[in-house]
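Working notes, beginning with the structure itself.
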Amino acid sequence: MSVDVRTVTEPEFPDWQRALRTGFLRPPVVSDAEAADRLAHADLGRTLGAFDRGRIVATFRSFRQEVSTVGGGSLTADAITQVTVSPTHRRRGLLSRMMSADLAAAKERGDAIATLIAAEYPIYGRYGFGAASWAVEWSVDVRRAGLDPRRSGRPEDGGRIDLTDADEIRKTGPEVHRRLAGVRAAVTHRETRDWEIGTGLGHQSEPWREPYYAIYRSESGEVDGYVAYGADDKWDDTKQPVNTATVRDLIAATPAAERALWHYLCSIDWISTVRSGYRAPDDPLPLLLPDPRAARTLTYADMLWVRVLDVVRVLESRTYPVEGSLVLDVRDADGLAGGRFRLDASPAGVSCVRTSDSADLAFDIGELSTLAFGDESAVRLVRLGRVEESTAGAAVRADLLFRTPLRPFSPDIF
């Protein structure tokens, strides 16, 4: 019998969640409370399942999202999440069927891009996605860092660090997060529910352990950053503390806030190691330390993946640091967003229109995502054979147009 791919009804939603947990190798048990909580926040019109003789064997869900672009703009995205295929039904094209249906619906809605966090790297390139941002996690050996142990952690710029609670973070955090989106591309918007779950309210997928919260106030009293972190309780055989502070969330809208929060974390008594959580690859943390080698890289991996659905809107949504023109031949095997486009950009404005002029650069739609968010070099893609340069020097011009001083950063997994 054929497998039917369709939207899920309310009575079927608990079974859909059990299939989801099975696909992610989690215990396939869903309580009534969890099912009700997740149902209340799911759009069943965008929740797909694959049914084989009444059993759900694959899951797929999407929701509306806003993503920051270079220069502080934003794009409406089709955010894809909770994608699984049961081990009994792999390699049958179920993901392709669900992805095709979702992207077609997103295109019809007018979404400019689709986004996702990839559990496995090789999967999504064949659907036109490209890695738009990357993330790094460091482990800092505080004792090797070279910081003055007599330092109190108090900022030296006239600001201050205050311990606080979850209520304060839910109140002041959203504005700090919005300010970050104004200076970093690829920041995904947090809804009220995201802030609630991130601070212990609502249903939690794992047992909740309340973190410590600290905020940074500038000299004028404005909250410019905050951190949520946990700590273990470990002592070695000589009764010396060997505790690790693990960052759960650190958002800073200014360099001063970022410096002050990292220095604070590295100055807490009894903390010998700080785990940074996922950070932008160009985060200042290692170079804030007198000995940057004390920051050991634990993870360097792709983060936000983007699939362009509207080339014109994506290229016109961002700013450009220099004046330049390029004709881009964008190939899209799925027929959703391909074509030839002339980009005329400068610090004063941008225009992107379809054209029949000869192309300067040609590439598949997935490469556009890595270029449009400023985190990739067209010159490097040419050397890799992923971009074709028809006009000498076009890749260098593309780098001057597209690259950004700050690399894109996506703090959240969804």
- Message: For region 216-262, which positions are free of Cβ contacts under 8 Å to residues at least 24 places away in the same chain and within 22 Å of residue 190 (Cα to Cα)?
- Response: 222, 230
- Do we find that residue 95 is part of a helix (DSSP H, G or I) and open to solvent by less than 40 Å² (accessible area, probe 1.4 Å) in this structure? yes
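Output the residue which, of all residues in region 202-215 that are touching a residue at least 12 places away in the same chain (Cβ under 8 Å), open to solvent by 20 Å² or more (accessible area, probe 1.4 Å) and not in a strand (DSSP E or B), is nearest to residue 260 (Cα to Cα). I'd like the intermediate steps shown before the answer.
Initial filter on region 202-215 (touching a residue at least 12 places away in the same chain (Cβ under 8 Å)): 202-203, 209-215.
So of that shortlist, the ones also open to solvent by 20 Å² or more (accessible area, probe 1.4 Å) come out as 202-203, 209-210, 212.
This time we only want the ones that are not in a strand (DSSP E or B), so: 202-203, 209-210.
Values: 202: 31, 203: 33, 209: 25, 210: 23 Å.
The extreme case among them is 210.
This table checks each residue for (1) of a type in the set (A, V, I, L, M, F, W, C); (2) open to solvent by less than 30 Å² (accessible area, probe 1.4 Å); (3) closer than 27 Å to residue 66 by Cβ.
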position: 341; (1), (2), (3): yes, yes, yes
position: 382; (1), (2), (3): yes, no, no
position: 386; (1), (2), (3): no, no, no
position: 395; (1), (2), (3): yes, yes, no
position: 407; (1), (2), (3): no, no, yes
position: 413; (1), (2), (3): yes, no, yes
- Query: Which of the residues belonging to region 22-36 are open to solvent by less than 70 Å² (accessible area, probe 1.4 Å) and closer than 19 Å to residue 63 by Cβ?
  - Reply: 23, 34, 35, 36
- Which of the residues belonging to region 19-36 are without any contact (Cβ under 8 Å) to a residue 24 or more places away in the chain and not polar (S, T, N, Q)? 21, 25, 26, 27, 28, 29, 30, 32, 35, 36
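Could you list, in sequence order, all residues of region 37-62 that are of a type in the set (A, V, I, L, M) and either in contact (Cβ under 8 Å) with a residue 40 or more places away in the chain or open to solvent by 70 Å² or more (accessible area, probe 1.4 Å) (or both)?
Residues of region 37-62 of a type in the set (A, V, I, L, M): 39-40, 42, 44, 48, 50, 56-58.
If the condition is that a residue be of a type in the set (A, V, I, L, M) and either in contact (Cβ under 8 Å) with a residue 40 or more places away in the chain or open to solvent by 70 Å² or more (accessible area, probe 1.4 Å) (or both), then 40, 48, 50, 56, 57, 58 are the ones that fit.
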- Across region 98-126, what is the number of residues that are among the acidic types (Asp, Glu) and open to solvent by less than 40 Å² (accessible area, probe 1.4 Å)? 2
- Message: Any residue that is out of contact with any Ser or Thr (no Cβ under 9 Å at 6 or more places or on another chain) and among the basic types (Lys, Arg) - is there at least one of those in region 398-407?
- Response: no
- Residue list for region 143-196, restricted to those being more than 18 Å from residue 267 (Cα to Cα), of a type in the set (D, E, K, R) and in contact (Cβ under 8 Å) with a residue 60 or more places away in the chain: 179, 184, 190, 193, 194
- Flagged in region 263-309 as in contact (Cβ under 8 Å) with a residue 40 or more places away in the chain, surrounded by fewer than 14 Cβ atoms within 10 Å (Cβ to Cβ) and of a type in the set (Phe, Trp, Tyr), in numbering order, are 300
- Do you know which residues across region 74-83 are open to solvent by 10 Å² or more (accessible area, probe 1.4 Å) and either out of contact with any strand residue (DSSP E or B) (no Cβ under 7 Å at 6 or more places or on another chain) or β-branched (Val, Ile, Thr) (or both)? 76, 81, 83
- Message: Of the residues 57, 70, 83, only one is among the β-branched types (Val, Ile, Thr), assigned to a loop (DSSP other than H, G, I, E, B) and in contact with a Ser or Thr (Cβ under 9 Å, 6 or more places away or on another chain); which?
- Response: 70
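Quick grid of which residues meet (1) closer than 30 Å to residue 321 by Cα; (2) of a type outside the set (Lys, Arg); (3) in contact with a helix residue (DSSP H, G or I) (Cβ under 8 Å, 6 or more places away or on another chain):
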site: 46; (1), (2), (3): no, no, yes
site: 49; (1), (2), (3): no, yes, yes
site: 56; (1), (2), (3): no, yes, yes
site: 61; (1), (2), (3): no, no, yes
site: 68; (1), (2), (3): yes, yes, yes
site: 78; (1), (2), (3): yes, yes, yes
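The values are calculated or read from the model by the stated rules, or taken from the named source; none is laboratory data. Treat the numbers as computed from the prediction; the structure is a model and nothing was measured. Neighbour counts are summed over all protein chains in view; Cβ atoms, including those assigned to glycine, are modelled from backbone coordinates with ideal geometry. Only protein heavy atoms, including side chains, enter the accessible area calculation; ligands, DNA and RNA are left aside. Shrake-Rupley method; radii C 1.70, N 1.55, O 1.52, S 1.80 Å.
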